[in-house]
1. Set the Förster radius R0 to 45 Å, insert the Cβ-Cβ distance between Tyr242 and Ser24 as r into 1/(1 + (r/R0)^6), and round the FRET efficiency to 0.05.
2. Rounded to the nearest 20 Debye, what is the dipole magnitude of the range 68-122 about its Cα centre when Lys and Arg each give +1 and Asp and Glu each give -1 at the C-beta?
3. Along the charge dipole of the range 193-280, Cβ charges K/R +1 and D/E -1, which of Tyr201, Tyr242, Trp264 sits furthest on the positive end?
4. For the residue pair Leu528 and Lys80, what label-to-label distance in nm results when each label sits 7 Å from Cα along the Cα-to-beta-carbon direction?
5. Which distance in Å, rounded to a whole number, links the C-alpha centroids of the range 247-284 and the range 53-98?
6. Figure the gain on full extension for Asn66 and Thr197 (residue separation times 0.36 nm, minus the Cα-Cα span) and round it to one decimal in nm.
7. Provide the FRET efficiency to the nearest 0.05 for the Lys505-Asp373 pair, computing r from the beta carbons and using R0 = 22 Å.
8. Near the amide H of Ile32, under 5 Å away, which other amide H atoms are found, from residues 5 or more places off or on another chain, if H is placed in the peptide plane?
Amino acid sequence: MKLTLLFVALLCGLFSISQTNSISEILSQDPIRTEKIKVENSSSTKLIPSKFSNDVLAQSFLDPDNLSVIKVYYIYTAYKRSATFDQKQLDLKRLTNLSKRFPFLFNDPMIEWEVIEQTGCTDYTVGDDFYHGFIIVHRPNDEASRKKEIERLLEVLNDPSKDFPEPQLDPVSPQLEGSISTDTPVNKKPDAPATYTDGDYALYQYFQRELHPKSIGEKREDLWVETDLAIDRFGRVGNISYDKDYPVYITDEISETLQTMGPWSPAQLGGSPVASNVKLSIRVSYSGAVNGMFTRDGNKPNFISDTNSTGLISREETEERESSAALSNTVYRGLNVLEKDTRYALVMDVTGSMAPNIAAMKRWIEKNASNMDFTSFSFYNDGDGKPTSQKKKGETGGIYMTTSVDEIGQVIEKAVLAGSGGEISEADIEALLYAIENDPDCEELLLIGDNYSDIRDLSLLKNVSKKVNVLLCAAPTSVRTEYLTLVKSTGGVFILNGVAYSLDKLQKGDRITLQSHVYLFNGTDFKLKEVLPKG
């Protein structure tokens, strides 16, 4: 009995250490300072408020099995009624109270945390006018939001000219634009950003004309390269850095192209030129029609106001420009890096909140089907709305297949109308096995999976007999390690944000870094080992 109690106590101690470490990491963040956060209820947020100078949290309910949390904000005010008041101690109490009620918010590496310090409070009498506590940002899980998403998706499926941008689920993030960290010098944002002197269309033409890395054609590569470009106050190009590890022959070519291009008009602050940084995402492709396309700070350039020598824009260029949301979508970019001479069976999750990815996939297939050899298309909704209690491994259902590109829209419509999953974990392996059984012509499979969903039936992985390549959606920070295990076990490639990663050569004890997150391969599966500091 004593040994049992000791064992239980030890487990509780380990759990407590894990929680404390998580809370410690959150409290070690440099808070973002902003005057005041405006808080409104929405279908994608849940509020857990406290009161000024109080650690008691309001009663609330969060279901970890059916709530896909994206981000948590902890918000407080900087004002202290007493100089001896210990804000850190109050923060610790609030976070500890939250962790006792909802430990999954601290244990799930998919969930991002931000700490916000409001600076607008100047007197304790108005302290309660400022929000204190937590804002939980999640994917909408109510029926009204689901119906609206389906309506939008069906509209896009029936009208290829329409776009489906990612929905804005986070009402706090837009309020933080221009805010600063407590350790960041107070630098005002430029009144006007730096611009390429001859206009965006001239920059696109320059990239098309000059950007041709060796081997890009013979390797049939097509990828987006993220760059950070320094422009000094005279409009000269300075330091060039890259957000990821790209082949040297590509970065060398891009660096030379950027350093030899024409002048920029520098950013303006208070009527004076200032140095600034520009984030350019440049498409480098074997295809001349899209090589040189770019986005700036995540936004597609506006060519309409630019005048070129002919005044004419080709149909292909017009189509590329019209589908800005699709172009920047991680699925659209990921499909561009597939091997062109492989026969794939495409398998895709079509449960809740996948609508923008579904629209981007369909747009890409319509434009590129003649250059690819897809043997089938399977779409799964995780059980046609079946209750969780009735979902048995290998028998969940809700999988719909076609071998015709022309029928993709109809089959997707059938799948999404039949059900939306109903829980976070999904039967990805069952869908893969279904495709293998019903499509003997495929050589490999391409799973377009949802990073916010667990693979519920990973125990069936031993039955998968073909390579599985995983193109992962919704991965702003870390990735679910089940998808890495799936790729490693079957010999496929892992595709994230338009870059393909081969895991074949990883041995027991090796590590792989994805988006500043380090994963350890233990010989069987992967574990998140550490998060590298930003920058």
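1. 0.90
2. Dipole about the Cα centre, nearest 20: 300 debye.
3. It is Trp264.
4. Going from the Leu528 label point to the Lys80 one covers 3.3 nm.
5. Answer, in whole Å: 42.
6. Gain on extension, Asn66 to Thr197, equals 42.1 nm.
7. Plugging the Cβ-Cβ distance into 1/(1 + (r/R0)^6) gives 0.25.
8. Excluding prolines and chain starts, which carry no amide H, the hits are Val115, Ile116, Glu117.
Values quoted throughout were computed directly from the atomic coordinates according to the rules given, and no laboratory measurement underlies them. Computed from a predicted structure; not experimentally measured. In this analysis, Cβ positions are derived from the backbone assuming ideal geometry, glycine residues included, and neighbour counts consider all displayed protein chains.
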